[in-house]
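Values in this text are rule-based calculations from the coordinates and carry no lab data. Computed from a prediction, not measured in an experiment: that's the story for all the values here. Backbone-built Cβ (ideal geometry, glycine too); neighbour counts: all protein chains shown.
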Amino acid sequence: MIVQKAIERIGVPWRNGLGVQYEIICDGSLPDDWTWRLSTADITRDVPFSVFLNVDREFCVADGNGVTLNINGVDHRCEPKSVTPFRGDDLVFATLIDGPVRALNLMVRDGAKQRSLRLSTAGENIVDCSVAVAIGSSSILVADRDEIDMQILDTLVFDSPTTIRVIDGVVATI
């Protein structure tokens, strides 16, 4: 098990240069040699998203008051701790609701093994967990009999699928 602290991640510009993202895990190399990846992003202003052809995306508001994602001309209100799916080649524009947000982003290329974000709260067990990210606030998890305190966007990455228990907070898992 690897514990990644959010504050230790190095920011890199979005593909379109209009934001900053922080890579959590990627099964290949950046910018384009991957089949799936998980990252966080700071959204500090109203901004268009980068285009990723042939990619399924899931967007989760991990911290902040939310955004409205205009996806191909249709508004989708994304509340804190919600997951919104869309295609990487959709035209997406994010409008902040009330201040900046930090988001969790899952991208999976067409033809790759399907992955999806699952949100879990205190008292839940997650079977076959590969990655767990604290969202909304701090979280406490039990994994491999260890109790782990996680700050927002801290991440656990497991060498093999593991059963974890959420003691406190909310986590997004794959």
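Assorted remarks:
- Region 89-174, dipole about Cα centre (Lys/Arg Cβ +1, Asp/Glu Cβ -1), debye to the nearest 20: 180 debye
- Cα centre as origin, Lys/Arg/Asp/Glu Cβ charges: region 7-109 dipole, Debye: 40 debye
- Selection from SER120, GLY99, ILE10 lying farthest towards where the dipole of the chain points positive, charges on Cβ: GLY99
- With the charge dipole of the chain set up from +1 on Lys and Arg Cβ and -1 on Asp and Glu Cβ about the Cα centre, the Cα lying farthest toward the positive end among the listed residues VAL47, PRO80, PHE59 is that of VAL47.
- Evaluated at q = 0.15, 0.22, 0.31 Å⁻¹: base-10 log I(q)/I(0), Debye formula over Cα of region 118-173: -0.30, -0.69, -1.46
- Gyration tensor verdict on region 60-110 (Cα atoms; rounded if a/c is under 1.5, prolate if a/b is larger than b/c, oblate otherwise): oblate
- Stretch gain in nm, segment GLN114-VAL3, where the contour uses 0.36 nm per residue and the Cα spacing is subtracted: 37.6 nm
- Isotropic mean projected area of the C-alpha convex hull, region 1-117 (nm²): 7.1 nm²
- Protection proxy ranking of 92-99, 55-62 - average other beta-carbon atoms within 10 Å, highest first: 55-62, 92-99
- Radius of gyration and Dmax over the Cα atoms of region 43-174, both given in Å: 15.3, 48
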